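Here's the structure we're looking at; comments come further down.
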Amino acid sequence: MKIHYDLIPEKTKNIETKHRKVCSPIPHPDSIEIMNDLRLYETDSMHDQLPILWDSAKDYQIFDGYGNCFIDLTSTIFVANIGHSHPRVVEAIENSCKKNLLNNYYYPSLERRDFVKKLIEVTPKQLDKCILYTTGSETTEAAFKTMRQNGRKIDNDKIVILSFDGSFHGKTTGSQQLGGKEGGKEWIVNQDKDIYHLPFPTEWYVKDSLLDAGELFLRDLKTLEENGLNLKNIAGIIMESYQGWGALFYPQSYIDAMVIWAKENKTLITVDEVQAGFGRTGKLFGFQHYNMEPDIVCMGKAISSSLPLSAIIGRANILNIDPSMNSTHGGNPLACSASLASLNVLIDEKLVEQSKVKGKMLEKKLLSFQKEFPEIISYISCKGLVAAVFFVKLGTNELDIELVDSLIYRAMLKGVNSVRTLSGTIKLGPPLSIPMDALSEAIDVYKECLIELLEERNNV
Ligand SMILES: Cc1ncc(COP(=O)(O)O)c(C=O)c1O
């Protein structure tokens, strides 16, 4: 399978609905030169997503500047939760620009004060301090550092960090090691031997174990112990609120057992909310689905619905451990203004509630999609406006990466923009503001494309 799509304009049928417009070959012939130049100057790693030229994006739609309009099911990889280019965010950035303060390191600013005050106000009470950064990876690195430093305060050997198979926490050296994706880490050579990964408790893993999910957590810890790990040395556990690639949530009893164990063993729990935060799952924060109080929370992406900003929040006694935890661009005043506006919009427009309500409708729609193709669609996960549709090869449990890849490419030709997961799942994460009929229309496009692809396969 090709990692990079050919930059060849494909013939399309004209489409015009309330939500999409396709009026030219895609990618548009005039966009090819720009994209080719990008490929010339940038590395391959920058060019494995769908080849649509983004000229502008508004609310739930992306425009290529040549008259084509796409329904966006990505929110630019979970960033634009309140919708692209929300007027209140644009205004906040413009106002901030006009003041002539484009950056200020971590010297004090009104913009940062206003944002962090609001952020701490909306997060659970025990989380009373924050540090602002720029990217999600920086926050997981910071959580890693913080958990280990706090562990060492208790005992010099309390340095182990637990994470989960299949998890994703970023692409920098530390964050990638925290992640549980197979492969790709060989380059680190001397990997941190004190990072361990537990199996992720998928529905099927729990079922196969014949145990309650809580017992399974304790059993898997015991396995680590039997393999030589002193469990007392576990300084911290890092978990995503849901595992990204498949939008997979933890069973509540698993979290309950983990929280109790962590408390008894003075182990900190970090929840990585970089993807799940700010209404995505139908709660302000994804961890609020679980009855838990994390010690540290990592946030990023949709914090601003626009400019790069991220944060870790936690209790003062934990986060204050390292006086060097700050960075050059963390808390940029424009990004803080945008984030404050975005958070206010999220609340004022009741987008968290909308995410929950639309999520229920989306789930219904996806389950009926699955019913029509039970041999190919093996699993649906959906909470709020994050969902994943698992496609398998006929008669197997093997995820069908190629089918999904062809499917999302074809959907692009019909005016739907998707995340390319390269994992055999269609991952859905539209702006929370998307009208339900637009979302429903996009799912129908997938259905149409699947029927076409299966027909073509049968005719080969
Ligand atoms: C759960 C999670 N953590 C961390 C990151 C890394 O964030 P960034 O790409 O901003 O460094 C991501 C990005 O996709 C993520 O989904």
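The values are calculated or read from the model by the stated rules, or taken from the named source; none is laboratory data. Model, not experiment: these values are computed from the prediction. Positions of Cβ are backbone-derived with ideal geometry, glycine not excepted, and every protein chain shown enters the neighbour counts.
Of all the criteria given as (1) surrounded by fewer than 19 Cβ atoms within 10 Å (Cβ to Cβ); (2) of a type in the set (A, V, I, L, M); (3) touching a Cys at 6+ places or on another chain (Cβ under 6 Å), the one not satisfied by residue 274 is (1). Based on this model, can you work out whether residue 334 counts as closer than 18 Å to residue 139 by Cβ and more than 15 Å from the ligand (Cβ to nearest atom)? When the stated conditions are applied, residue 334 does not pass them. Scan the stretch 227-249 and give yes if some residue there is without any contact (Cβ under 8 Å) to a residue 40 or more places away in the chain and crowded, with 16+ Cβ neighbours inside 10 Å, otherwise no. No: the stretch 227-249 contains no residue that is without any contact (Cβ under 8 Å) to a residue 40 or more places away in the chain and crowded, with 16+ Cβ neighbours inside 10 Å. The set of residues in the stretch 135-180 being within 19 Å of residue 77 (Cβ to Cβ) and either over 18 Å from the mean Cα position of the chain (by Cα) or surrounded by fewer than 18 Cβ atoms within 10 Å (Cβ to Cβ) (or both) consists of 171, 172. Restricting attention to the stretch 176-223 and to residues that are in contact with a helix residue (DSSP H, G or I) (Cβ under 8 Å, 6 or more places away or on another chain) and basic (Lys, Arg), the residue that is farthest from residue 253 (Cα to Cα) turns out to be 185. Of 416, 392, all but one fail to be crowded, with 24+ Cβ neighbours inside 10 Å, touching a strand residue (DSSP E or B) at 6+ places or on another chain (Cβ under 6 Å), more than 17 Å from residue 279 (Cα to Cα) and at pLDDT 95 or above; the exception is 416.
What residue, of 59, 64, 72, is in contact with a Leu (Cβ under 6 Å, 6 or more places away or on another chain), within 23 Å of residue 446 (Cα to Cα) and buried (at least 16 other Cβ atoms within 10 Å of the Cβ)?
Details: 59 fails: in contact with a Leu (Cβ under 6 Å, 6 or more places away or on another chain); 72 fails: in contact with a Leu (Cβ under 6 Å, 6 or more places away or on another chain).
Answer to the check: 64.
Could you check the stretch 241-253 and list, in sequence order, the residues that are touching a Gly at 6+ places or on another chain (Cβ under 6 Å) and either of a type in the set (A, V, I, L, M, F, W, C) or away from the ligand (no atom under 13 Å from the Cβ) (or both)? The one that is touching a Gly at 6+ places or on another chain (Cβ under 6 Å) and either of a type in the set (A, V, I, L, M, F, W, C) or away from the ligand (no atom under 13 Å from the Cβ) (or both): 253.
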